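Heads up, the thing below is written out as structure tokens.
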Amino acid sequence: MVLEVAILNVRPGAAERFEAAFREAQAILAASRGYQRHELRRCVEAVDRYLLLVWWDTLESHAQGFRGSPAYARWRELLHHFYDPFPTVEHYLPVPGTPA
């Protein structure tokens, strides 16, 4: 299992529209091969900042599968214009011997 982590800084004043677009876009994510689950969290200290966590079967499920799929174009169309700056996405593996 691989955890995708992205801090999403949304353009000021666009939070409500971003959340509405994400509600639609999450169906695209959930339909992707290798997808396990996701969470979107809003920052307490910075109202235009979100944390996106997505659990994938493998790194390839995200990097090649989801991002390489035809559905990714719709994801991009729905969400990418909200970001400023564009987020850095990182991937994490569990540490053996620690709770999941």
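Derivation of every value follows stated rules applied to the coordinates shown; laboratory data play no part. Just so it is clear, the structure is predicted and the values come from calculations on it, not from any experiment. Glycine gets a Cβ as well: all are built from the backbone with ideal geometry, and neighbour counts include every protein chain shown.
Summary table
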read-out	value
Loop sites in the stretch 6-35: trypsin sites (Lys or Arg not before Pro), DSSP, at most 14 other Cβ within 10 Å	ARG33
Longest to shortest principal axis, alpha-carbon extents of the stretch 1-53, angstrom	33, 21, 13
Loop-located GluC sites (Glu not before Pro) in the stretch 1-79, at most 14 other Cβ atoms within 10 Å (DSSP)	GLU45
Over the chain, volume per residue of the alpha carbon convex hull, in Å³	100
Alpha-carbon Debye profile of the stretch 51-92, log10 I(q)/I(0) at 0.24, 0.32, 0.34 Å⁻¹	-1.02, -1.21, -1.19
